[in-house]
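S.K.: To start, I am sharing the structure in question, which I have written as structure tokens.
The values are calculated or read from the model by the stated rules, or taken from the named source; none is laboratory data. Note that the structure is predicted; figures quoted are calculated from it, not measured. No Cβ is skipped: glycine too gets one built from the backbone with ideal geometry, and neighbour counts run over all protein chains shown.
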Amino acid sequence: MDLNTLLLPVAGLGGLGLVFGAGLAYASQKFAVEVDPRVEAIRDVLPGANCGGCGYPGCDGFANAVAAGNAPVTGCPVGGADCAKNIAEIMGVEAGDAAKKVARVICSGDTKNCKEKFDYFGIQDCKAAAMVSGGSKSCAYGCLGLGTCVNACQFDAIEITDGRIARIIPERCTACGKCIEVCPKSVIHFVPFEQDVIVDCNNEEVGKVVRQKCNVGCIACQICVKACPFDAMEFSNNLAKINYEKCTNCMICAEKCPTKAIYADFEKRRKAEIIEENCIGCTICKKQCPVDAIEGELKQVHKILEDKCIGCGACEVKCPKKTIKMK
Amino acid sequence: MSASGLFIIFVSALLVNNFVLSRFLGICPFLGVSKQVETAAGMGMAVTFVMTLASIITYLVQIFILDTMGLGYLQTIAFILVIAALVQFVEMVIQKTSPTLYQALGVYLPLITTNCAVLGVALLNIQSEFNLIETIVNAIGASLGFSLAIILFAGIRERLEIADVPAVFKGFPIALITASLMSIAFLGFTGLV
């Protein structure tokens, strides 16, 4: 084989490339634009997923917006608190502590609990299924469980359970909001990551109707509203809703709910504990306790009744000596 | 080649064989950057500049490098190299001279690299065995044709924004229908030359 057939194209194209490269290198100096160095620094600390969860086109767009002062330093839902802190450092401001949020499927109506209207054999996609008379679930507010959100999630945080219902793994969720966007039933909502008690129902119909459709729906009995010691349970449109700012995760509502429509992880329930040597017997905690779980007389060391304590933390907040700890 | 011959090449590239509406090349920026007349005009100018310059350089590359070295089979990759370098250059110039235009063009500016209209005109010049003057005229005609199409389209889309379009057709569907109607209109130029 003639060596030239090999060398010529290499030389030809290589030469062209070299000439253009040199030209561009020269031009890049001649036409250099001073970029805000903060933009690059911010982009470096961003996750780089380009998910668009912040509302800007990709991480670059967000970095530009932050540097220009148009976006908050806490704007990246994926990076979370660490990322916000880093950006705040670059921008020279305080991040503040925005509570971490996660998306949650507000529905427990799996195949066992919620009746089907008909058998759906169409395209296995919630949007398509929702077009056929609102989906096969008898409850028009429930999760269809065909996994449209699973496909939208870039972080593998959503799975479909055996009961054909979507579940979001909070540890993996970055609150980018993609699933919320694609869900045709608007069944996914943001909830605080720390929140242990959640009303897992969206149904706004009256109790009787809900009962016929689903075993775990909110039947608008308002028992939780009355049970809540902190006024954290709001009620509108036949549906109970927790005001997450007031809620102390005491889980009384979940205990009282007759249909178990309120989810609570009772294993995470805290218990108050009084450090005895610091207690001055002021009785403030005893007065604060909504469930009378504290006993003790004035000027005596108080005691927590463990089986009564609901872990709401009201006593911890009020104790003047800071001698009550939640564990 | 007489002046009338050049004129025929020009009109042919501009209207009869309009790159967007007759040859269906460069559809991506045509749909992507045609929301506002202003940015569409900017895009048109950038493409005009890149196309004309690319045509000249690719012509020279073809004659003096590829043909003399017998490397005709490297035509496509060599042309892409030329176009990519040019686009980089144009990007730098625009970023320096007009940051607003740079912002408005956004991702579509580097995408001129893969704008098939640019590569198309470069390849067609060689295929039609044009000389340098004809190449330049053809490139200017083609790129002005592109600009014409995109600016007209942007004008229509600006009005579509406020028009009462049925919900299912809002956005891209109506844009695509408009584009196809424009294409049919441009079919009327067939047989002009």
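S.K.: Return the residues of segment A:217-242 that are aliphatic (A, V, I, L, M), assigned to a strand (DSSP E or B) and touching a helix residue (DSSP H, G or I) at 6+ places or on another chain (Cβ under 8 Å); say none if nothing qualifies.
M.R.: Within segment A:217-242, the subset aliphatic (A, V, I, L, M) is A:219-220, A:223, A:225, A:227, A:232-233, A:239-240, A:242.
Okay, now just the ones that are also assigned to a strand (DSSP E or B), so A:233, A:239-240, A:242.
A:MET233, A:ALA240, A:ILE242 - these are the residues of segment A:217-242 that are aliphatic (A, V, I, L, M), assigned to a strand (DSSP E or B) and touching a helix residue (DSSP H, G or I) at 6+ places or on another chain (Cβ under 8 Å).
S.K.: Regarding segment B:16-32, can at least one residue be identified that is modelled with pLDDT under 85 and more than 14 Å from every other protein chain (Cβ to nearest Cβ)? Full working, then the answer.
M.R.: Filtering segment B:16-32 down to residues modelled with pLDDT under 85 leaves B:28-29, B:32.
With the extra rule that they be more than 14 Å from every other protein chain (Cβ to nearest Cβ), the set shrinks to B:28-29.
Yes, that holds for at least one residue.
S.K.: Of the residues in segment A:86-115, how many are part of a helix (DSSP H, G or I) and either buried (at least 17 other Cβ atoms within 10 Å of the Cβ) or touching a residue at least 24 places away in the same chain (Cβ under 8 Å) (or both)? Reasoning before the result, please.
M.R.: Of the residues in segment A:86-115, the ones part of a helix (DSSP H, G or I) are A:86-91.
Checking which are either buried (at least 17 other Cβ atoms within 10 Å of the Cβ) or touching a residue at least 24 places away in the same chain (Cβ under 8 Å) (or both) leaves us with A:86-88, A:90-91.
Final tally of qualifying residues: 5.
S.K.: When the residues of segment A:27-43 are narrowed to those that are at the interface with another protein chain (Cβ under 7 Å from one of its Cβ atoms) and at pLDDT below 85, which ends up nearest to A:ASN86 (Cα to Cα)?
M.R.: So in segment A:27-43, the residues at the interface with another protein chain (Cβ under 7 Å from one of its Cβ atoms) come out as A:27-28, A:31, A:33.
With at pLDDT below 85 added as a condition, the list becomes A:31, A:33.
Details: A:PHE31: 31, A:VAL33: 26 Å.
So, considering only residues that are at the interface with another protein chain (Cβ under 7 Å from one of its Cβ atoms) and at pLDDT below 85, the one nearest to A:ASN86 (Cα to Cα) is A:VAL33.
Table: residues versus (1) in contact (Cβ under 8 Å) with a residue 24 or more places away in the chain; (2) surrounded by 15 or more Cβ atoms within 10 Å (Cβ to Cβ).
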site	(1), (2)
A:ILE275	yes, no
A:ASN278	yes, no
A:CYS285	yes, yes
A:LEU298	no, no
A:LEU305	no, no
A:LYS308	no, no
A:CYS312	yes, yes
A:LYS321	yes, no
A:ILE324	yes, yes
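S.K.: Restricting attention to segment A:49-64, which residues are away from chain B (no Cβ under 14 Å) and touching a residue at least 60 places away in the same chain (Cβ under 8 Å)?
M.R.: Listed by number, the residues that qualify are A:ALA49, A:CYS51, A:GLY53.
S.K.: Looking only at segment A:124-173, which residues are small (Gly, Ala, Ser), on the phi > 0 side of the Ramachandran plot and touching a residue at least 24 places away in the same chain (Cβ under 8 Å)? Break it down into steps so the answer makes sense when it comes.
M.R.: Residues of segment A:124-173 small (Gly, Ala, Ser): A:128-130, A:133-136, A:138, A:140, A:142, A:145, A:147, A:152, A:157, A:163, A:166.
Next, from what is left, pick out any that are on the phi > 0 side of the Ramachandran plot: A:133-135, A:145, A:147.
Scanning segment A:124-173 gives A:GLY135, A:GLY145.
S.K.: Now for a separate question. Out of A:LEU46, A:LEU7, A:LEU18, A:LEU24, I need the residue that is out of contact with any Leu (no Cβ under 6 Å at 6 or more places or on another chain), modelled with pLDDT of 80 or more and more than 14 Å from every other protein chain (Cβ to nearest Cβ). Which one?
M.R.: Numbers: A:LEU7 fails: more than 14 Å from every other protein chain (Cβ to nearest Cβ); A:LEU18 fails: more than 14 Å from every other protein chain (Cβ to nearest Cβ); A:LEU24 fails: more than 14 Å from every other protein chain (Cβ to nearest Cβ).
None of the others qualify; the one that does is A:LEU46.
S.K.: Here's something else I'd like to know. Quick check: anything in segment B:160-171 of a type outside the set (D, E, K, R), part of a helix (DSSP H, G or I) and either under 26 Å from A:LEU24 (Cα atoms) or within 14 Å of chain A (Cβ to nearest Cβ) (or both)? Please lay out each step first, then the result.
M.R.: At the first step, the residues of segment B:160-171 found to be of a type outside the set (D, E, K, R) are B:160, B:162-163, B:165-169, B:171.
Retained after the next criterion (residues that are part of a helix (DSSP H, G or I)): B:160, B:162, B:167-169.
Next, only the ones that are either under 26 Å from A:LEU24 (Cα atoms) or within 14 Å of chain A (Cβ to nearest Cβ) (or both) stay: B:168.
Yes, there is a match, as at least one residue in segment B:160-171 is of a type outside the set (D, E, K, R), part of a helix (DSSP H, G or I) and either under 26 Å from A:LEU24 (Cα atoms) or within 14 Å of chain A (Cβ to nearest Cβ) (or both).
S.K.: Further question on the same structure: Have a look at A:GLU245, A:GLU277 and point out the one that is out of contact with any Cys (no Cβ under 9 Å at 6 or more places or on another chain), of a type in the set (Asp, Glu) and either closer than 14 Å to A:PRO290 by Cα or not in a loop (DSSP other than H, G, I, E, B) (or both).
M.R.: On the way: A:GLU245 fails: either closer than 14 Å to A:PRO290 by Cα or not in a loop (DSSP other than H, G, I, E, B) (or both).
Being out of contact with any Cys (no Cβ under 9 Å at 6 or more places or on another chain), of a type in the set (Asp, Glu) and either closer than 14 Å to A:PRO290 by Cα or not in a loop (DSSP other than H, G, I, E, B) (or both) holds for just one of A:GLU245, A:GLU277, which is A:GLU277.
S.K.: Which count do you get for residues in segment B:51-86 that are touching a Ser or Thr at 6+ places or on another chain (Cβ under 8 Å) and either more than 11 Å from chain A (Cβ to nearest Cβ) or more than 26 Å from B:GLY32 (Cβ to Cβ) (or both)?
M.R.: 6
S.K.: Another question, if that's okay. Give the residues of segment B:87-123 that are more than 14 Å from chain A (Cβ to nearest Cβ) and either touching a strand residue (DSSP E or B) at 6+ places or on another chain (Cβ under 7 Å) or in a loop (DSSP other than H, G, I, E, B) (or both), sorted by residue number.
M.R.: Correct list: B:ASN115 only.
S.K.: What are the pairs, 6+ residues apart or on separate chains, where a residue within segment B:177-193 that is closer than 20 Å to B:VAL165 by Cβ has its Cβ under 6 Å from a residue that is of a type in the set (A, V, I, L, M, F, W, C) and part of a helix (DSSP H, G or I)?
M.R.: B:THR178/B:ILE156
S.K.: Does B:ILE177 satisfy the condition of being farther than 16 Å from B:PHE19 by Cβ, out of contact with any strand residue (DSSP E or B) (no Cβ under 9 Å at 6 or more places or on another chain), surrounded by 11 or more Cβ atoms within 10 Å (Cβ to Cβ) and among the β-branched types (Val, Ile, Thr)? Spell out the reasoning first.
M.R.: On the way: farther than 16 Å from B:PHE19 by Cβ: yes; out of contact with any strand residue (DSSP E or B) (no Cβ under 9 Å at 6 or more places or on another chain): yes; surrounded by 11 or more Cβ atoms within 10 Å (Cβ to Cβ): yes; among the β-branched types (Val, Ile, Thr): yes.
When the stated conditions are applied, B:ILE177 passes them.
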